[in-house]
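The values are calculated or read from the model by the stated rules, or taken from the named source; none is laboratory data. Bear in mind the structure is a predicted one, so any value in this text is a computation, not a measurement. Cβ placement follows ideal geometry from the backbone for every residue including glycine, while neighbour counts extend to all protein chains displayed.
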Ligand code: ATP
Ligand code: MG
């Protein structure tokens, strides 16, 4: 099937630059975190200070992107290393997710990083481990020069609302469906 090349493109009625942008990558297809790291690369290229906070235990297989990020000067915090667990009432994972959020919030509020990636943050939000309203208000009231990328399936409606750009990765096929396991160099 062919189609005509576009002759003119539509602009919104008024355009303006923004001091910062909030992006959400959600959906059940592959690419949410990969696209966040793509944005990270662009921010690094502009000399911005970048922070990444990962909210799910990634295991040792995921260290590739963390290692390269750190090598490029990114401040990187990942659940499973660094965050303390000092609660008797909460499960270890819940307590660590809360610590990770407390830390992410302070990084956002400090305003020294121009990009903050909140990787897989939708999961602890949806499990009730961290307060969605608090995450959303922290993002809404952030310092004006701080851009945010949040990733994970099933982004809560309030997170979608506060974002400027929301992309839903839709799975058309995934190799795992036919038993192909995550591939080094591609998936991690
Ligand atoms: P990626 O990190 O590759 O961009 P993602 O962030 O969109 O993936 P996650 O839910 O964070 O998706 O999953 C991380 C891992 O699970 C990756 O190895 C990815 O290839 C794999 N994965 C992503 N989507 C699917 C899917 N629909 N079915 C099976 N595995 C998936
Ligand atoms: Mg991911």
Exercise. Applying the selection to the range 126-175, what residues are at positive phi and without any contact (Cβ under 8 Å) to a residue 24 or more places away in the chain?
Worked result: 128
Seminar exercise, completed: Here the qualifying pairs (Cβ atoms under 6 Å; residues six or more apart or on different chains; first in the range 23-51 and assigned to a helix (DSSP H, G or I); second modelled with pLDDT under 95) come out as 37/65
Exercise. Are any residues in the range 26-37 touching a helix residue (DSSP H, G or I) at 6+ places or on another chain (Cβ under 9 Å) and either more than 10 Å from ligand 2 (Cβ to nearest atom) or under 19 Å from residue 140 (Cβ atoms) (or both), and if so, which ones?
Worked result: 26
Seminar exercise, completed: Residue hits (the range 121-147; buried (at least 23 other Cβ atoms within 10 Å of the Cβ) and within 16 Å of ligand 2 (Cβ to nearest atom)) are 121, 122, 124, 125
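So which of 167, 151 ends up being within 13 Å of the chain's Cα centre (by Cα), within 15 Å of ligand 1 (Cβ to nearest atom) and farther than 19 Å from residue 51 by Cα?
Selected residue: 167, the only one of 167, 151 that is within 13 Å of the chain's Cα centre (by Cα), within 15 Å of ligand 1 (Cβ to nearest atom) and farther than 19 Å from residue 51 by Cα.
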Exercise. Would you say residue 161 is more than 14 Å from ligand 1 (Cβ to nearest atom), touching a helix residue (DSSP H, G or I) at 6+ places or on another chain (Cβ under 8 Å) and not in a loop (DSSP other than H, G, I, E, B)?
Worked result: yes
Seminar exercise, completed: The correct count of residues that are surrounded by 14 or more Cβ atoms within 10 Å (Cβ to Cβ) and over 17 Å from residue 146 (Cα atoms) in the range 19-62 is 16
Exercise. Out of all the residues in the range 72-93, is one or more part of a helix (DSSP H, G or I), surrounded by fewer than 21 Cβ atoms within 10 Å (Cβ to Cβ) and at pLDDT 95 or above?
Worked result: no
